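Working notes, structure below.
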Amino acid sequence: ILISTFTFVLSDPTLRPWDNAFTMTQWQYNGFNLNDSSASYYFEKQISYMYYDYNKVSYRNDYHTVRGASRVNSSSIWIKDTLYIIDFLTEPFQCQVLAMGFGPPRPNWFVDATF
């Protein structure tokens, strides 16, 4: 046991770089709210599906409410240096176009960035 512990402590972990294209799912819990039907407390909950493609300099985030009073059903699409934010709950749906002046941040943005 001592030798295996010593070997583990001295081992240098191999860090694998992020893939240039990947997807991610994120659950968000936004705090307590009162449930009108049962008079009990619950967490508001949203889910996001994110699609990264650094080769094409693009990012997409689809997010919507799973449970909660504040309804969200939106998409953010970032292509090169332009960010499009689409709200599907408005009639007709609305799209904001923002010229960001830079592309989607990469996972290592803070390493190479200048401030």
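The values are calculated or read from the model by the stated rules, or taken from the named source; none is laboratory data. All values derive from a computational prediction rather than experimental measurement. Ideal geometry is used to build each Cβ from the backbone, glycine not excepted, and the neighbour counts take in all protein chains shown. Keep in mind that these areas ignore ligands, DNA and RNA; they rest on the heavy atoms of the full protein, side chains included. Shrake-Rupley method; radii C 1.70, N 1.55, O 1.52, S 1.80 Å.
Points worth noting:
- Subset of the range 62-74 [assigned to a strand (DSSP E or B) and open to solvent by 80 Å² or more (accessible area, probe 1.4 Å)]: Arg67
- The range 90-105, residues that are over 20 Å from Met50 (Cβ atoms), open to solvent by 70 Å² or more (accessible area, probe 1.4 Å) and part of a loop (DSSP other than H, G, I, E, B): Glu91, Pro92, Phe93
- For the range 47-61, a residue qualifies if it is open to solvent by 30 Å² or more (accessible area, probe 1.4 Å) and under 13 Å from the mean Cα position of the chain (by Cα), and the qualifying residues are Tyr49, Tyr51, Tyr52, Tyr59, Arg60.
- For Ile77, the requirement of being surrounded by 13 or more Cβ atoms within 10 Å (Cβ to Cβ), at pLDDT 85 or above, in contact with a Ser or Thr (Cβ under 7 Å, 6 or more places away or on another chain) and under 25 Å from Pro105 (Cα atoms) is not met.
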